[in-house]
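For reference, the structure is listed below as structure tokens.
The values are calculated or read from the model by the stated rules, or taken from the named source; none is laboratory data. Because the structure is predicted, anything quoted here is derived from the model rather than measured. Please note: Cβ atoms are built from the backbone with ideal geometry, for glycine as well, and neighbour counts cover all protein chains shown.
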There are 2 protein chains.
Amino acid sequence: VTLANEFDRIARHFRPLAGPAALDLGDDAALLDPPPGLQLVVSADAMVAGVHFLPGDPPDLVARKLLRANLSDLAAMGADPLGYLLTVSVARDTPEAWFAAFSAGLAADQAEFGISLLGGDTTSTSGPVSLSLTIIGTVPRGEALRRGGARPGDDIWVSGTIGDGALGLLAAQGTLADPDGFLADRYRLPRPRLALGRTLRGVATACLDVSDGLVQDVGHLCRAAGLGAVIEAGWVPLSAAAATAGAEHFARCLTGGDDYELAFAAPAAAAAAVRAAGIAVATPVTVVGRFAAGDPGVQVRRTDGTAPALASAGWDHFA
Amino acid sequence: VTLANEFDRIARHFRPLAGPAALDLGDDAALLDPPPGLQLVVSADAMVAGVHFLPGDPPDLVARKLLRANLSDLAAMGADPLGYLLTVSVARDTPEAWFAAFSAGLAADQAEFGISLLGGDTTSTSGPVSLSLTIIGTVPRGEALRRGGARPGDDIWVSGTIGDGALGLLAAQGTLADPDGFLADRYRLPRPRLALGRTLRGVATACLDVSDGLVQDVGHLCRAAGLGAVIEAGWVPLSAAAATAGAEHFARCLTGGDDYELAFAAPAAAAAAVRAAGIAVATPVTVVGRFAAGDPGVQVRRTDGTAPALASAGWDHFA
């Protein structure tokens, strides 16, 4: 049941975000003409206050994080974004200012990523803010990046730096020093690697986005391909802020979530092409290890190769 | 961040629901080949425990109501369903049996409606169960039913019977007698009118599904077309159970939600075609009034035409 003030709210805050396919959010559904020759790429993610973001986070950044987490899934598939549907469940007494800030965040990112709102729903809840977003993108037929294509000997690559999201959560909570706010910003505002994903079509043999933590996500690539992997701890690219945080936080960098970087596989012979792709889109790319035949699982080792130096943390061999 | 037991849960309860396009829910997104010559129809709805369903409602029926409410949006557009994405936020200690029942409900309806799961997300929440579903369907290009096409003199039609959902809520809450459970069943398990919607392509001039209450939803058709409308109270089809509930519940039948029937417009000259469409798909269709030039708004009147007999309820003239 839709209440009259819900219509007002939709008209005021969400209709301006709607593209032509959304039919002004006035019909029961949106109508999309799929571009010929392309496959559709669809994914959905939910975010709940207190679980995926802090209840005090600014609503515009919450909206953008939700959208960008979904865009990151498209990046991982090598897809181009088209539009999204959004459902928003909030307390009945949520102030107009919350919706104004939330929709302003969406508007900013729509402009940045060239997408528009296709449809959705707003409703009340007695619980925390609960959001769900479905992203729709496109990819040339047969060119989507997949998780299962890594081969023995392929290099493991990552984009950007690893661990800033996990350390940024600590910074946002006030338990880690973050003098210039770099880490908290990385936690609150992911940078989906859409341009890189697109450029890696036909180059990477497998790809995903790092949302569950590097070790666990490389483990997903291993299981999907039936391979083992070694991550060289010393090769993992850290931001200056993460490096400054000190060795006691290093395990968190490798196992924390919210990086929204790409982790991907490519044959050693394609290394130059991968580096060229990174340069073309101004995104750093770094080799952090290698896939090998063997039982699926990720070993993390020091560069001297002698010992699984981080065994005591219990996460160095993640299957 | 995805926890290990979440992977288990997805594998056990949701992967069996996934179709080929979902890539076994193992990639970052699903890959869909849009059928040539068709437009895509997409819509999203959220449901929250305590708002859209009763906390004690059986999980399989909750799942099916969510899916069917979305399918009803496709029916209103004259679309054929293809698949859906689903996000589920539940308390951390939700028992396995809840997920088993929930996914069994989805499986039953997937078989009934010929669709499959394309993707989604499960997460925890400290609040009530919070669900969101995005439905994807198709319609021949240019043939979607829209809300704004009614013309002066068009008949207002409805499918099935009106008010059972609203009375069913009372029955489910135990405040209305429902000896054979008919009304509560109608509240818990909508019947999306997909076959009728499909058959009305090229026949109906406007259509939506009755989810906010007949008077309010006919009001949507009025505003979208810039027309007024008169609903003849005595023409509104009631089930035997709703008729038995008595005159004091009649206003609720016309203004309550959750009917998930179609309300649509058609020229008087098309009445035989509409009746034939209803017969072809074994769905009763009934004229309940007429659109007319004038300020957008719905007048409900007794069949003697003399007076807005229900004025005291405050809902007989809904703009």
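Brief remarks on what is shown
- Condition check for B:ASP80: modelled with pLDDT of 95 or more, of a type outside the set (Lys, Arg), under 19 Å from the mean Cα position of the chain (by Cα) and surrounded by fewer than 24 Cβ atoms within 10 Å (Cβ to Cβ): yes
- If only residues of the range A:224-248 that are surrounded by 18 or more Cβ atoms within 10 Å (Cβ to Cβ) and within 14 Å of another protein chain (Cβ to nearest Cβ) are counted, the one that is nearest to the chain's Cα centre (by Cα) is A:ALA224.
- Contact map, the range A:120-137: first residue within 7 Å of chain B (Cβ to nearest Cβ), second residue part of a strand (DSSP E or B) and acidic (Asp, Glu), Cβ cut-off under 8 Å, separation 6 or more or different chains; pairs are A:ASP121/B:ASP45; A:SER132/A:ASP45; A:SER132/B:ASP121.
- When A:ALA184, A:ALA195, A:ALA166, A:ALA251 are screened for being touching a residue at least 60 places away in the same chain (Cβ under 8 Å), touching a helix residue (DSSP H, G or I) at 6+ places or on another chain (Cβ under 6 Å), more than 14 Å from chain B (Cβ to nearest Cβ) and part of a helix (DSSP H, G or I), only A:ALA251 passes.
- Meets criteria (modelled with pLDDT of 95 or more, closer than 29 Å to A:PRO35 by Cβ and within 17 Å of the chain's Cα centre (by Cα)) for A:GLY197: yes
- Among the residues making up the range A:254-297, those that are outside any helix (DSSP H, G or I), away from chain B (no Cβ under 14 Å), farther than 23 Å from A:GLY148 by Cβ and touching a strand residue (DSSP E or B) at 6+ places or on another chain (Cβ under 9 Å) are A:THR283, A:PRO284.
- Where A:ALA172 falls short, out of the listed (1) of a type in the set (A, V, I, L, M, F, W, C); (2) at pLDDT 95 or above; (3) touching a helix residue (DSSP H, G or I) at 6+ places or on another chain (Cβ under 9 Å): (2)
- With respect to the conditions (1) modelled with pLDDT of 95 or more; (2) surrounded by fewer than 17 Cβ atoms within 10 Å (Cβ to Cβ), A:GLY37 lacks only one, and its number is (1).
- Strands (runs of 3 or more DSSP E) wholly inside the range A:12-131 containing at least 2 residues that are over 20 Å from B:VAL42 (Cα atoms): A:38-48
- Residue satisfying condition, being touching a Ser or Thr at 6+ places or on another chain (Cβ under 8 Å) and among the small types (Gly, Ala, Ser), within set A:GLY219, A:GLY289, A:GLY256, A:GLY234: A:GLY234
- Filtering B:ALA29, B:ALA21 for residues that are of a type in the set (Gly, Ala, Ser) and within 7 Å of another protein chain (Cβ to nearest Cβ) leaves a single hit, B:ALA29.
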